[in-house]
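The values are calculated or read from the model by the stated rules, or taken from the named source; none is laboratory data. Keep in mind that what you see is a predicted model, and the values were worked out from it rather than measured. Glycine gets a Cβ as well: all are built from the backbone with ideal geometry, and neighbour counts include every protein chain shown.
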Amino acid sequence: MRRVIDSWHSPALNKKMEIVSYGHFGFSLLLLPTAAADYLEYERFLLIDYISKYINEGKVKVFSINSINSESWLNRNMHPRHKSIRHQQFNDYVFNEVVPYQTSHDTPIVTCGASLGALHSANLFFKRPDLINGVIAMSGVYDLQSYTDGYYDQDVYFNSPMSYLPGLDDDFFLEHIRKGSIHVLTGSGAYESPDASRALSGVLRSKGINHNLEIWGADMRHDWPTWRAMLPYVIETKF
């Protein structure tokens, strides 16, 4: 498997940001880390091994980037407003730096993540469905206020799909979202929040947005074995 590590100084974040890619061809899958982890997290926890068949076949080319959650919502020593600003800078980094880097081969881009990465991957798609073509969200909670310790401002609102999606009536965005490949999966085991996925599904359904919602069983807990089962399944059956 072709594996390439690259990096650059991000103007949006004002720091060096690494990115790793796996494979040569296929649709472009962008992985967002689970919490405060780095760009190699999905490799360390063997998820890359579990989807290596599809990478080697040229069905998918995978990219993985660093999280900056430790510099925003997971940093308890940071003022909430500064967390909100940093989150927005991360969005700018993805939209203006990572997406152009990925689209060098003019292939569709699908965001993907587990846990907090699921929230980020869904939010990035819903905010810019003209740039991103779909999302695979695993074991997520799609209300950013779950991570803000009560803080709320306009940036929190516009980065929380459960806040802004119900009121979304812009035909441009809705048309592009409806064209996307949307997959929302969760387990029902320990530490999972299946109701969060059901709630997101309900909002999407109310907007006439086709999507795939899957609630897996009580044996599927909020942990890597669940995500190592989910992602190969979605790539195999939905793409």
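Considering only segment 47-71, state which residues are crowded, with 20+ Cβ neighbours inside 10 Å and among the polar types (S, T, N, Q).
Ser64, Asn66, Ser67, Asn69
Within segment 151-167, restricting attention to residues that are without any contact (Cβ under 8 Å) to a residue 40 or more places away in the chain and part of a loop (DSSP other than H, G, I, E, B), which residue is surrounded by the fewest Cβ atoms within 10 Å (Cβ to Cβ)?
Ranking the qualifying residues of segment 151-167, first place goes to Gly167.
If you take the residues of segment 103-135 that are among the polar types (S, T, N, Q) and part of a helix (DSSP H, G or I), which of them is surrounded by the fewest Cβ atoms within 10 Å (Cβ to Cβ)?
Selected residue: Ser104.
Out of the residues in segment 190-218 that are of a type in the set (Gly, Ala, Ser) and surrounded by fewer than 17 Cβ atoms within 10 Å (Cβ to Cβ), state the one that is nearest to the chain's Cα centre (by Cα).
Ala199
Identify, from the list Thr148, Thr186, the residue that is closer than 22 Å to Trp73 by Cα, crowded, with 19+ Cβ neighbours inside 10 Å and polar (S, T, N, Q).
Matching residue, one of Thr148, Thr186: Thr148.
Any idea which residue in segment 72-101 is surrounded by the fewest Cβ atoms within 10 Å (Cβ to Cβ), counting only those that are polar (S, T, N, Q) and over 17 Å from the mean Cα position of the chain (by Cα)?
Among those that are polar (S, T, N, Q) and over 17 Å from the mean Cα position of the chain (by Cα), it is Asn77.
Would you confirm whether any residue within segment 203-218 is of a type in the set (A, V, I, L, M) and either within 20 Å of Ala37 (Cβ to Cβ) or in a helix (DSSP H, G or I) (or both)?
Checked against the condition, which is being of a type in the set (A, V, I, L, M) and either within 20 Å of Ala37 (Cβ to Cβ) or in a helix (DSSP H, G or I) (or both), segment 203-218 yields at least one hit.
Could you say which residue among Lys61, Lys16 is modelled with pLDDT of 95 or more, basic (Lys, Arg) and under 18 Å from the mean Cα position of the chain (by Cα)?
Lys61
List, please: which pairs have Cβ atoms under 6 Å, are six or more places apart or on different chains, and start with a residue in segment 214-237 that is free of Cβ contacts under 8 Å to residues at least 60 places away in the same chain and end with one that is surrounded by fewer than 16 Cβ atoms within 10 Å (Cβ to Cβ) and hydrophobic (A, V, I, L, M, F, W, C)?
These pairs meet every condition: Arg221/Ala190.
Which count do you get for residues in segment 168-202 that are in a helix (DSSP H, G or I), in contact (Cβ under 8 Å) with a residue 24 or more places away in the chain and either under 17 Å from Gly140 (Cβ atoms) or charged (D, E, K, R) (or both)?
Final tally of qualifying residues: 7.
I'd like the full set of residues that are more than 28 Å from Gly217 (Cα to Cα) and at pLDDT 95 or above, limited to segment 132-151.
Once the filter is applied, which keeps residues that are more than 28 Å from Gly217 (Cα to Cα) and at pLDDT 95 or above, segment 132-151 yields Ile132, Asn133.
Check Val141, Val60, Val135 and return the single one that is more than 28 Å from Gly189 (Cα to Cα) and either in contact (Cβ under 8 Å) with a residue 60 or more places away in the chain or of a type in the set (Val, Ile, Thr) (or both).
Just one listed residue meets the conditions, Val60.
Within segment 71-81, track down each residue that is without any contact (Cβ under 8 Å) to a residue 60 or more places away in the chain and touching a helix residue (DSSP H, G or I) at 6+ places or on another chain (Cβ under 9 Å).
Residues satisfying the conditions are Glu71, Ser72, Asn75, Met78.
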